[in-house]
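Trainee: Just dropping this structure here.
Computed from the coordinates by the stated procedures, all read-outs in this text should not be read as laboratory data. These numbers come from a predicted model, not from an experiment. Glycine gets a Cβ as well: all are built from the backbone with ideal geometry, and neighbour counts include every protein chain shown.
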Amino acid sequence: MFLFETFEPGKTIGSRTLTLSAELLQRWLTLFPDDHDGERMPPGMTAAVYSRAYSDILQPRPPGNVHGQQLFTIAKLPVVGDTLVTELRCEGKELKGERRWVRFASETRRQDGTLMFSGLMTTLWAK
């Protein structure tokens with residue numbers, strides 16, 4: 001179980017691989033048709049790629065965590081067929097009164113190592 005006490009700032013927690021398929025892109029475009037840009041992934045999908053990695057890597061985790069904020073920096077957007085590797089690390093943690101804040105940094109790279117986008121998410125951790 002990932003608990004507040006077990007997070008080590010600066011330590012990599014894990015990684016997840018995802019191939020951007022035409023089907024996955026189409027599922028996104030069903031919800032957001034104005035995001036269509038050929039075979040290029042829309043910028044908004046960066047949060048979905050990150051969320052899948054976060055959910056898969058941080059298992060098991062206590063229920064009740066609250067998403068505080070997130071920020072993404074895009075270097076390049078992937079295209080259909082790109083295999084993406086998202087690495088997640090603990091950027092820092094802070095106890096403010098009873099609240100446990102954890103900052104997660106991520107880097108998503110194409111399988112050849114090219115940086116696609118990075119992110120920083122702050123979460124109110126339940127335990």
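Trainee: Helix 22-31: angle to the longest alpha-carbon principal axis of the chain, degrees 0 to 90, nearest 10?
Mentor: 80 degrees
Trainee: List the lysines whose Cα sits under 23 Å from the Cα of Lys96, skipping any in the same chain fewer than 8 residues away.
Mentor: Within the straight-line cut-off, Lys96 pairs with Lys11, Lys127.
Trainee: Using Cβ contacts closer than 10 Å as the measure, can you line up Ile57, Ile74 from fewest to most?
Mentor: Ile74, Ile57
Trainee: Could you name the aspartates and glutamates whose alpha carbon sits less than 17 Å from that of Lys76, not counting residues in the same chain fewer than 8 places away?
Mentor: The reachable aspartates and glutamates, counting only those whose Cα sits under 17 Å from Lys76, are Asp35, Asp37, Glu39, Glu87, Glu107, Asp112.
Trainee: Something else now. Just in the range 37-127: which GluC sites (Glu not before Pro) are loop by DSSP and have at most 11 other Cβ atoms within 10 Å?
Mentor: Passing both the DSSP loop test and the Cβ count: Glu98.
Trainee: Shifting gears a bit: Nearest 0.05, what FRET efficiency do Arg110 and Gln69 give at R0 = 22 Å with Cβ-Cβ as r? Display every interim value, and only then the final one.
Mentor: Details: r = 26 Å, r/R0 = 1.20.
Once rounded, the FRET efficiency stands at 0.25.
Trainee: Still on this structure, I have one more. Taking neighbour Cβ counts within 10 Å as the exposure measure, how do Met116, Met1 sort from fewest upward?
Mentor: Ordered by Cβ neighbours within 10 Å, fewest first: Met1, Met116.
Trainee: Leu120 label point, 7 Å along Cα→Cβ, cut-off 11 Å on backbone N: hits in the range 76-112?
Mentor: 91-92, 103-106
Trainee: So what's the chain giving for Rg/Rh, alpha carbon basis, Kirkwood Rh from the mean inverse pair distance?
Mentor: Numbers: Rg = 15.4 Å, Rh = 15.3 Å.
Taking Rg over the Kirkwood Rh, I get 1.00.
Trainee: List Lys93, Lys11 from most exposed to least, where exposure is judged by having the fewest other Cβ atoms within 10 Å.
Mentor: So the residues, fewest neighbours to most, are Lys11, Lys93.
Trainee: Given 0.36 nm per residue, what is the gain on full extension from Glu8 to Ala48 after removing their alpha carbon distance, in nm?
Mentor: Result for the pair: 11.9 nm of gain on full extension.
Trainee: Let me know the charge dipole size of the chain about its Cα centre in debye, to the nearest 20, where only the beta-carbon of Lys, Arg (+1) and Asp, Glu (-1) is charged. Write down the numbers at each step before the final one.
Mentor: Numbers: 16 positive and 15 negative charges, 97 e Å.
Charge dipole of the chain: 460 debye, to the nearest 20.
Trainee: How tilted is helix 45-57 with respect to the longest principal axis of the chain? Cα atoms for both, answer in degrees (0 to 90, nearest 10).
Mentor: 50 degrees
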